[in-house]
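Trainee: First the structure, then my questions, so here it is.
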Protein chains: 2
Amino acid sequence: MGKSNLDLLNELDRFPYYENNPAFYTAHLKNYHAFMVNGCDAVLGYILNSVVAKFHWPAQYWAVDSTNQTVTLTTAADATPEQRSKALAETLTGEAKQDNFEILKGWRNEMYAVYAPGGKLLLEMERCASPLFGIVSYGVHGTCYVEDEQGLHFWVPRRARSKQTYPGMLDNSVAGGMSTTEHPFLCLIREASEEASLPEDVVKACAKPVGCISYFYVRDSRAGGETDLLQPEVEYVYDIKLSRDVVPKPGDNEVEEFKLYTVEETKHALAAGEFKPNCAVVFLDFFIRHGILTAENEPNYLEILTRMHRRFEFPTASHFTN
Amino acid sequence: MGKSNLDLLNELDRFPYYENNPAFYTAHLKNYHAFMVNGCDAVLGYILNSVVAKFHWPAQYWAVDSTNQTVTLTTAADATPEQRSKALAETLTGEAKQDNFEILKGWRNEMYAVYAPGGKLLLEMERCASPLFGIVSYGVHGTCYVEDEQGLHFWVPRRARSKQTYPGMLDNSVAGGMSTTEHPFLCLIREASEEASLPEDVVKACAKPVGCISYFYVRDSRAGGETDLLQPEVEYVYDIKLSRDVVPKPGDNEVEEFKLYTVEETKHALAAGEFKPNCAVVFLDFFIRHGILTAENEPNYLEILTRMHRRFEFPTASHFTN
């Protein structure tokens with residue numbers, strides 16, 4: 001008995017829903033402090049109480065209110081994103097030196113953005129710290145596939161066994177996190193080059209934006225670092241239809257190899273739990289959009305479809321460029 | 001200045017969200033009684049307090065609890081769906097005779113299903129009464145399109161000006177409500193024949209299930225009958241790619257005519273508010289899945305995508321047939 005498609009989603013979208021059980025949800029929130037920024041009404045993420053207690057909050061930048069369970073960055077209400085980001089950078093550099101959090105040992109020098117209501121940039125912070133604050137993160141996932149007289153096949157890479165997170169698991173053809181200044185399609189082009197050696201002109205000609213998935217992940221041991229940290233995520237999804245002569249190749253040491261999988265082989269690997277959790281759900285989204293999973297053959301069709309498009313209690317980005 | 005895509009969604013998905021403002025949401029719920037069935041823990045729909053007060057609830061079938069704001073069908077906990085449906089039918093037939101509710105004058109002799117958690121059938125009720133109980137209803141929407149060297153075009157029908165609901169507005173090529181015993185794809189085949197004169201073999205060959213949209217509609221005057229009644233809805237969505245020689249034709253008197261619209265003409269008609277609200281959102285879903293609306297050209301991309309896949313506080317159907 002392998003994993004059902006709902007099992008796969010349950011592994012990814014793990015934070016409780018208010019509507020399932022309002023009393024449980026409200027009680028569960030007591031495990032967290034709300035991450036706030038002076039001058040912005042919205043809650044930007046949830047910080048585990050145990051993290052709040054262990055973290056060193058420099059008093060010139062932070063106010064911790066244990067009654068209302070908030071942690072507020074106290075920079076001026078009209079501070080610029082740069083000023084807020086500087087306060088965060090100082091805080092996080094200081095914290096990393098204390099060797100207090102396993103997750104901060106994964107320092108990447110890559111910045112993730114936090115947005116105010118309406119999608120405006122509020123601040124940025126070092127990527128590896130984002131699960132400590134429970135902020136929404138953004139990425140891209142592209143599925144390279146071939147569809148011809150031999151049927152539908154997917155280009156599936158296996159993650160290097162040396163990778164810090166989810167070593168040896170199956171992945172999406174192209175996937176990666178979006179840094180602050182990036183826009184989704186440009187991020188896809190960069191990742192497709194780095195991870196799959198696909199040239200820009202091929203990606204521009206063959207990749208189609210087809211939506212996004214969003215889910216509220218709660219980190220387990222496979223993600224590395226402290227467990228139970230929150231990671232609400234949005235992944236912009238692309239279908240990349242390739243002709244059979246275009247073969248993705250590992251472009252860095254993050255990927256071991258690419259193999260062509262049939263739909264049946266992919267379903268089998270999904271049920272066997274071989275895919276990284278969010279990659280599994282990107283496949284479920286592909287299967288739904290391409291008529292492979294239907295209301296008639298998937299008992300939890302509506303639950304899967306609505307939960308893989310979770311709307312967060314936090315403001316999210318607008319990547320509008322026009 | 002026409003309507004934005006978010007405006008179009010706001011017209012359809014109108015019930016408040018808990019996460020936007022928990023206090024407002026909780027206060028808003030005080031306007032409703034929860035529709036319950038003895039033997040089932042779940043809330044199945046919300047009934048406006050004014051409807052509860054005006055409706056005649058036969059005491060042999062119903063318990064109205066004004067403290068907890070519930071209206072409960074008191075059939076035995078282990079009653080069959082048929083027994084519950086019979087109690088509802090008697091109640092509704094009686095109520096319709098009173099001429100108390102405008103909406104009950106639209107009696108259709110068509111049954112809508114209510115599901116228990118897990119998707120099992122709980123009972124069925126006359127279609128026109130469903131907004132009085134605020135239960136989730138189900139339908140299908142198919143978009144007929146042509147994509148060839150002349151570009152992408154949609155077959156867009158105009159609703160008959162004599163129609164009870166949304167007269168004269170633009171519609172999706174194929175759309176209709178799903179009765180109790182129907183499954184989505186069979187419903188699509190029926191509606192495609194009735195409304196667009198498309199033969200079954202054409203639909204089977206050309207229609208692809210591509211997901212669903214779901215939204216919490218609050219009825220306005222264009223829907224007919226009492227306003228402010230709740231109508232949470234799931235629409236199974238199909239792309240129907242036709243060759244240029246297949247021309248949909250009105251099959252009944254519900255549709256005035258079909259015309260081929262370019263993408264630009266469709267966008268223009270959307271912004272002008274010419275489409276029935278849920279048909280507009282089916283087009284937004286098509287545009288997103290086909291890369292016409294993107295994160296880069298739609299400022300509210302994430303809000304639109306997550307809200308058009310709303311997860312309800314009520315149990316929903318499983319149309320699994322395997």
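Trainee: Return the total of residues in the stretch A:228-255 being touching a Gly at 6+ places or on another chain (Cβ under 8 Å) and assigned to a loop (DSSP other than H, G, I, E, B).
Mentor: Matching residues across the stretch A:228-255 total 1.
Trainee: Quick one: count up the residues across the stretch A:214-232 that are crowded, with 18+ Cβ neighbours inside 10 Å, polar (S, T, N, Q) and farther than 29 Å from residue B:308 by Cα. Please lay out each step first, then the result.
Mentor: To start, the set of residues in the stretch A:214-232 that are crowded, with 18+ Cβ neighbours inside 10 Å comprises A:214-219, A:223-226, A:229-232.
With the extra rule that they be polar (S, T, N, Q), the set shrinks to A:214, A:231.
Now restrict to residues that are farther than 29 Å from residue B:308 by Cα: none.
Selection size over the stretch A:214-232: 0.
Trainee: Answer yes or no: is there a residue in the stretch A:15-31 that is in contact with a Gly (Cβ under 9 Å, 6 or more places away or on another chain) and either more than 27 Å from residue A:304 (Cα to Cα) or free of Cβ contacts under 8 Å to residues at least 24 places away in the same chain (or both).
Mentor: Looking through the stretch A:15-31, none of the residues is in contact with a Gly (Cβ under 9 Å, 6 or more places away or on another chain) and either more than 27 Å from residue A:304 (Cα to Cα) or free of Cβ contacts under 8 Å to residues at least 24 places away in the same chain (or both).
Trainee: Just to check your reading of the model, which residue among B:136, B:146, B:140, B:156 is among the β-branched types (Val, Ile, Thr) and surrounded by fewer than 19 Cβ atoms within 10 Å (Cβ to Cβ)? So that I can check it myself, show each step before the final result.
Mentor: Details: B:136 fails: surrounded by fewer than 19 Cβ atoms within 10 Å (Cβ to Cβ); B:140 fails: surrounded by fewer than 19 Cβ atoms within 10 Å (Cβ to Cβ); B:156 fails: surrounded by fewer than 19 Cβ atoms within 10 Å (Cβ to Cβ).
That would be B:146, the only listed residue that is among the β-branched types (Val, Ile, Thr) and surrounded by fewer than 19 Cβ atoms within 10 Å (Cβ to Cβ).
Trainee: Do we have residue B:43 as touching a helix residue (DSSP H, G or I) at 6+ places or on another chain (Cβ under 9 Å) and either touching a residue at least 24 places away in the same chain (Cβ under 8 Å) or surrounded by fewer than 16 Cβ atoms within 10 Å (Cβ to Cβ) (or both) here?
Mentor: Taking the combined requirement at face value, the residue does not satisfy it.
Trainee: Step by step: first the residues of the stretch B:163-188, then only those that are within 14 Å of another protein chain (Cβ to nearest Cβ) and touching a Pro at 6+ places or on another chain (Cβ under 9 Å), then the one that is surrounded by the fewest Cβ atoms within 10 Å (Cβ to Cβ). Which residue is that?
Mentor: Checked the stretch B:163-188; the qualifying residue surrounded by the fewest Cβ atoms within 10 Å (Cβ to Cβ) is B:185.
Trainee: Also: Checking residue B:235 against (1) crowded, with 23+ Cβ neighbours inside 10 Å; (2) at pLDDT below 95; (3) charged (D, E, K, R), only one condition comes out false. Which one?
Mentor: The number of the failed condition is (2).
Trainee: Related question: Quick one: is residue B:10 of a type outside the set (A, V, I, L, M, F, W, C) and over 16 Å from residue B:216 (Cα atoms)?
Mentor: On the way: of a type outside the set (A, V, I, L, M, F, W, C): yes; over 16 Å from residue B:216 (Cα atoms): no.
Against the criterion (of a type outside the set (A, V, I, L, M, F, W, C) and over 16 Å from residue B:216 (Cα atoms)), residue B:10 does not qualify.
Trainee: Taking the stretch A:57-87, which residues are in contact with a helix residue (DSSP H, G or I) (Cβ under 9 Å, 6 or more places away or on another chain) and more than 17 Å from residue A:134 (Cα to Cα)? Before you say what the answer is, go through the steps one by one.
Mentor: So in the stretch A:57-87, the residues in contact with a helix residue (DSSP H, G or I) (Cβ under 9 Å, 6 or more places away or on another chain) come out as A:57-58, A:60-62, A:64, A:66, A:69, A:71, A:73-76, A:79.
Across the stretch A:57-87, the qualifying residues are A:58, A:60, A:61, A:66, A:74, A:75, A:76, A:79.
Trainee: Go through (1) surrounded by 20 or more Cβ atoms within 10 Å (Cβ to Cβ); (2) touching an Asp or Glu at 6+ places or on another chain (Cβ under 7 Å) one by one and return the number of the condition residue B:56 breaks.
Mentor: It fails just one condition, (1).
Trainee: Please enumerate the residues belonging to the stretch A:226-236 that are within 14 Å of chain B (Cβ to nearest Cβ) and under 20 Å from residue A:10 (Cβ atoms).
Mentor: A:232, A:233, A:234, A:235
Trainee: State the number of residues belonging to the stretch B:198-213 that are within 13 Å of another protein chain (Cβ to nearest Cβ), buried (at least 24 other Cβ atoms within 10 Å of the Cβ) and under 14 Å from residue B:173 (Cα atoms).
Mentor: Residues that pass the stated criteria total 1.
Trainee: Within the stretch A:60-70, identify whether any single residue is surrounded by 13 or more Cβ atoms within 10 Å (Cβ to Cβ), of a type in the set (A, V, I, L, M) and closer than 30 Å to residue A:301 by Cβ, and answer yes or no.
Mentor: no
Trainee: For residue B:92, are the conditions met, namely being surrounded by fewer than 23 Cβ atoms within 10 Å (Cβ to Cβ), more than 14 Å from chain A (Cβ to nearest Cβ), touching a strand residue (DSSP E or B) at 6+ places or on another chain (Cβ under 9 Å) and among the aliphatic types (A, V, I, L, M)?
Mentor: yes
Trainee: Has the stretch B:245-261 got at least one residue that is aromatic (Phe, Trp, Tyr), surrounded by fewer than 23 Cβ atoms within 10 Å (Cβ to Cβ) and out of contact with any Asp or Glu (no Cβ under 7 Å at 6 or more places or on another chain)?
Mentor: yes
Trainee: Please work out if residue A:289 is touching a helix residue (DSSP H, G or I) at 6+ places or on another chain (Cβ under 8 Å), more than 8 Å from chain B (Cβ to nearest Cβ), of a type in the set (Lys, Arg) and touching a residue at least 60 places away in the same chain (Cβ under 8 Å).
Mentor: no
Trainee: From A:191, A:195, A:254, which residue is in contact with a Pro (Cβ under 8 Å, 6 or more places away or on another chain), away from chain B (no Cβ under 14 Å) and under 21 Å from residue A:159 (Cβ atoms)?
Mentor: A:195
Trainee: In the stretch A:261-284, what count of residues is obtained for those that are in contact (Cβ under 8 Å) with a residue 24 or more places away in the chain and either farther than 25 Å from residue A:307 by Cβ or not in a helix (DSSP H, G or I) (or both)?
Mentor: Residues of the stretch A:261-284 in contact (Cβ under 8 Å) with a residue 24 or more places away in the chain: A:261-263, A:266, A:268-284.
From what's left, either farther than 25 Å from residue A:307 by Cβ or not in a helix (DSSP H, G or I) (or both): A:261-262, A:272-276.
Within the stretch A:261-284, residues that are in contact (Cβ under 8 Å) with a residue 24 or more places away in the chain and either farther than 25 Å from residue A:307 by Cβ or not in a helix (DSSP H, G or I) (or both) number 7.
Trainee: Another one. Would you check if there is a residue in the stretch B:214-223 being of a type outside the set (Asp, Glu), within 14 Å of chain A (Cβ to nearest Cβ), under 30 Å from residue B:100 (Cβ atoms) and part of a strand (DSSP E or B)?
Mentor: For the stretch B:214-223, residues of a type outside the set (Asp, Glu), within 14 Å of chain A (Cβ to nearest Cβ), under 30 Å from residue B:100 (Cβ atoms) and part of a strand (DSSP E or B): present.
Trainee: Still on this structure, please answer the following. Pick out the one residue from B:321, B:306, B:316 that is facing chain A (nearest Cβ under 8 Å) and modelled with pLDDT under 95.
Mentor: Checking each option against the conditions leaves just B:321.
Trainee: Tell me, which residue of the stretch A:84-117 that is in a helix (DSSP H, G or I) and among the aliphatic types (A, V, I, L, M) is nearest to residue A:221 (Cα to Cα)? Walk me through how you get there before you give the answer.
Mentor: Residues of the stretch A:84-117 in a helix (DSSP H, G or I): A:84-97, A:102-106.
Cutting the leftovers down to among the aliphatic types (A, V, I, L, M) gives us A:87-89, A:92, A:96, A:103-104.
Working: A:87: 30, A:88: 26, A:89: 26, A:92: 22, A:96: 20, A:103: 11, A:104: 15 Å.
Among those that are in a helix (DSSP H, G or I) and among the aliphatic types (A, V, I, L, M), it is A:103.
Trainee: Among B:320, B:258, B:287, which is the only one that is over 17 Å from the mean Cα position of the chain (by Cα) and assigned to a helix (DSSP H, G or I)?
Mentor: B:287
Trainee: Something else now. Which residues, counting only those in the stretch B:132-163, are closer than 24 Å to residue B:255 by Cβ and in contact with a helix residue (DSSP H, G or I) (Cβ under 6 Å, 6 or more places away or on another chain)?
Mentor: Within the stretch B:132-163, B:137, B:140, B:141, B:142, B:143, B:152, B:154 meet the criteria.
Trainee: Are there strands (runs of 3 or more DSSP E) fully within the stretch A:118-179 with at least 3 residues that are over 18 Å from residue A:219 (Cα atoms)? List them.
Mentor: A:121-126, A:137-148, A:151-159
The values are calculated or read from the model by the stated rules, or taken from the named source; none is laboratory data. The structure displayed is predicted, hence computed values, not measured ones. Glycine gets a Cβ as well: all are built from the backbone with ideal geometry, and neighbour counts include every protein chain shown.
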